[in-house]
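Here is the structure we will look at, set down as structure tokens.
FYI, it's all coordinate maths here, none of it is from the lab. From a predicted model like this one, the values you see are computed outputs, not experimental measurements. Positions of Cβ are generated from backbone atoms using ideal geometry, with glycine treated the same way; all protein chains shown enter the neighbour counts.
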Amino acid sequence: MRLKRYSLKEKILIGKKIKKICKKNKVKFIVNDDPWLAKKLDADGCHLGQKDMNIMKARKIMGKKILGITCHNSIKLAKIAIKSKPNYLAFGAFYSTNTKKVKYRASVKIITKVKKLTNMPIVAIGGINQENYKNLLLNKANFLAISSYIWNNKKYKPTQAIEKLK
């Protein structure tokens, strides 16, 4: 759940609805940026950006729940993150995206390099769609974070867009 321009009250209301949908569909519910909100919603986990809370502090709040961290396109950030034992490392943006302004561009080479450092799951983020997702999976990304292709697709409704990824 990535809601940047909503009040805490709105995030809680929306989050409760999303949690129900995730549970019904047996999908993990991950809250972006905010371990306190993730805990309040009893989410499955929280994703931290580089400007968010320190992962050790977040771990104290979240306990054994899923914690992931953005490493942009940096081996240095990945090495630092690995020491703090997150559940996954996220890299991107791999492709251009309208979801947010992108300062960092990642290439599939980063996945290969990180796979040599750790067996921690890798999440690919940024501009992923039906034309490019297979390349990331073939290069050993474990998970894909896909937003605009599903929610802002002018050609397909969300369920249709998801079907195109199968």
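Couple of notes before you dig in:
- Cα gyration tensor category, rounded, prolate or oblate, for the range 71-163 with a/c compared to 1.5: prolate
- Among the trypsin sites (Lys or Arg not before Pro) found in the range 1-110, those both in a DSSP coil and sparsely packed, with 16 or fewer other Cβ atoms within 10 Å of their Cβ, are 2, 4, 5, 26, 28, 51, 64, 100, 101, 103, 105.
- Base-10 log of normalised Debye intensity for the range 1-110 (one unit scatterer per alpha-carbon) at q = 0.10, 0.12, 0.22 Å⁻¹: -0.30, -0.44, -1.23
- Residue among 27, 108, 123 with the largest mean-square fluctuation in a Gaussian network model of the chain, springs linking Cα atoms under 10 Å: 27
- The chain: DSSP helices with Cα axial extent of at least 30 Å and average Kyte-Doolittle hydropathy no lower than 1.6: none
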